[in-house]
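Worksheet: the structure to be examined is printed underneath.
Nothing in this text is a laboratory measurement; each read-out follows from the coordinates by a stated rule. Not measured: the values here are computed from a predicted model. Heads up, the Cβs are rebuilt from the backbone with ideal geometry, glycines too, and the neighbour counts pull from every protein chain shown.
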2 protein chains.
Amino acid sequence: MPGLLLVVSAPSGAGKTSICRETLRAFPELRFSVSSTTRPPRPGEVDGKDYFFLSPEEFRERIGRGEFIEWVENYGQLYGTAKNTMDAFLAQGHDLILDIEPRGAKAIREVYPRAVFILILPPSLDELKSRLAKRGESAAVMERRLRTALDEIRAALWYDYVVFNDRLDEAVDRFRAVYLAEKCRRGRHDERIAAFLS
Amino acid sequence: MPGLLLVVSAPSGAGKTSICRETLRAFPELRFSVSSTTRPPRPGEVDGKDYFFLSPEEFRERIGRGEFIEWVENYGQLYGTAKNTMDAFLAQGHDLILDIEPRGAKAIREVYPRAVFILILPPSLDELKSRLAKRGESAAVMERRLRTALDEIRAALWYDYVVFNDRLDEAVDRFRAVYLAEKCRRGRHDERIAAFLS
């Protein structure tokens, strides 16, 4: 049985990074899917762990060879999800968390129809606004971030699960529950069940 | 949003009772669905808690009025699931565990298509045999129990989830996870998500 793919999206301020980090810590068989990028590594970032850091030429070549399920250009840098990297992990039976925005997630669904799609949300619109406000940015930047967040939510209305992050520990518990429950899906245990009846 | 209905089946020896009891203890909003029966109460059993104890006449009348989603005769006693009882709990927003064998579960699915169906299984056929053997019954009785158990598994191959009970604490954790995850289904949060976008 290949690994389980959890696709996770969240507007900024939802707490996605903390929730994923806590969950990864609890399950050694669960890994973070590593994306490819042309963005230069930041201090402390490790090639193959945080990202696969590629030159723009190499990235473009791989696009040409159809290696990315999806890719996107952001502020002049390219970001993409390589199919062979994901497949290798999943084939080894590792479960994967893939952090991606909802439009990229749609491309993932085409290729991995059995993936599980989870949207993480702050508890309310007011709380989202207040978390964005705490960043101390200008009203115009805040307004733009809010609009982007709402666009992302709108683009994720087809997801399987929503984890509201009212309190981090409860949100981690719910995210973990979705993972564990999906591992209990009957379709993942057909062989083991068949062994009872043989 | 009405409550969530968890329908649980298991062959005898799977540990269903312990798993349900532990889970109910952890969630005050989760209740055990109470069935009706003509069987006389055993010492300590409370009407309306363990069962609704009905006279055979009353039970038959209720069958006539179509009050039971399903009912069954077992060793001369009648057992049934009353729709109005379940509906009242669910309408109040309580979540319910309904313990029923797979054939009854199929009738439940007709009436509650959004219910979640969970099969609890011992870790293996060998372990099932050894748990049945520990009861110290005759080989013939054991053989019959095993056949019944396998028939029940065969009748439950359409269930949503399988929780293997290797170790009780892990099985409780998985069962609890299925419950929590189903509470996170996107479809249960449409209103809350719409409030972000309004």
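Between region B:1-65 and region B:94-142, the C-alpha centres lie 14 angstrom from each other. Along region A:182-198 the Karplus relation, 6.51 cos²θ - 1.76 cosθ + 1.60 evaluated at θ = phi - 60°, assigns HN-Hα couplings of 5, 5, 8, 3, 3, x, 7, 10, 4, 5, 5, 5, 4, 5, 5, 9, 7 Hz to successive residues, with x for each Gly and Pro. Most tightly packed first, judged by the mean number of other beta-carbon atoms within 10 Å of their residues, the peptides B:20-26, A:3-9, B:190-196 read A:3-9, B:20-26, B:190-196. Remark: region B:140-156, residue by residue, has Karplus-estimated 3J(HN,Hα) of 5, 5, 4, 4, 5, 4, 5, 4, 4, 4, 5, 4, 5, 4, 4, 7, 10 Hz, where x stands for each Gly or Pro and the curve is 6.51 cos²θ - 1.76 cosθ + 1.60 at θ = phi - 60°. Label point of A:E58 (7 Å along Cα→beta-carbon): distances to the other copies' equivalent points are 7.7 nm, sorted ascending. Between B:R114 and A:V111, the distance separating the two model label sites (each 7 Å from Cα on the Cα→Cβ line) works out to 3.5 nm. Normalising by residue count, region B:43-111 has a Cα convex hull of 115 Å³ per residue.
Mind checking the mean number of beta-carbon atoms from other chains within 10 Å of the Cβ atoms in A:107-119? Working shown, then result.
Working: counts 0, 0, 0, 0, 0, 0, 0, 0, 0, 1, 1, 3, 4.
Taking the mean over all residues of the peptide, I get 1.
For peptide B:170-178, the mean count of partner chain Cβ atoms within 10 Å of a residue's Cβ comes to 4.
Which order do the peptides B:164-171, A:174-181 come out in when sorted by mean C-beta neighbours inside 10 angstrom, highest first?
Values: B:164-171: 16.0, A:174-181: 23.4.
Put in order of decreasing packing, that is A:174-181, B:164-171.
Taking amide H positions as modeled 1.01 Å from N, with prolines and chain starts lacking one, the residues under 5 Å from A:F164 and 5 or more places away or on another chain are A:L121. Rounded if a/c is under 1.5, else prolate if a/b is larger than b/c, else oblate: which is the protein assembly as shown, with a ≥ b ≥ c the root eigenvalues of its Cα gyration tensor? Prolate, since a/c reaches 1.5 and a/b exceeds b/c. A straight Cα-to-Cα reach below 22 Å connects B:K134 with the lysines B:K16, residues fewer than 8 places away in its own chain not being considered. The phi torsions of region B:167-180, fed into the Karplus equation with coefficients 6.51, -1.76 and 1.60 and a -60° offset, translate into couplings of 10, 4, 5, 5, 5, 4, 4, 5, 4, 4, 5, 4, 4, 4 Hz, rounded to whole numbers, with Gly and Pro shown as x.
Each principal axis of the Cα atoms in region A:126-173 has its own extent, and those three values, largest first, are 34, 25, 13 angstrom. Plainly put, region B:5-197 has a radius of gyration that is 0.99 times its Kirkwood radius, both from alpha-carbon atoms, as the Rg/Rh ratio. Taking the DSSP beta bridges with both ends in region B:5-197, the antiparallel portion is around 30 percent.
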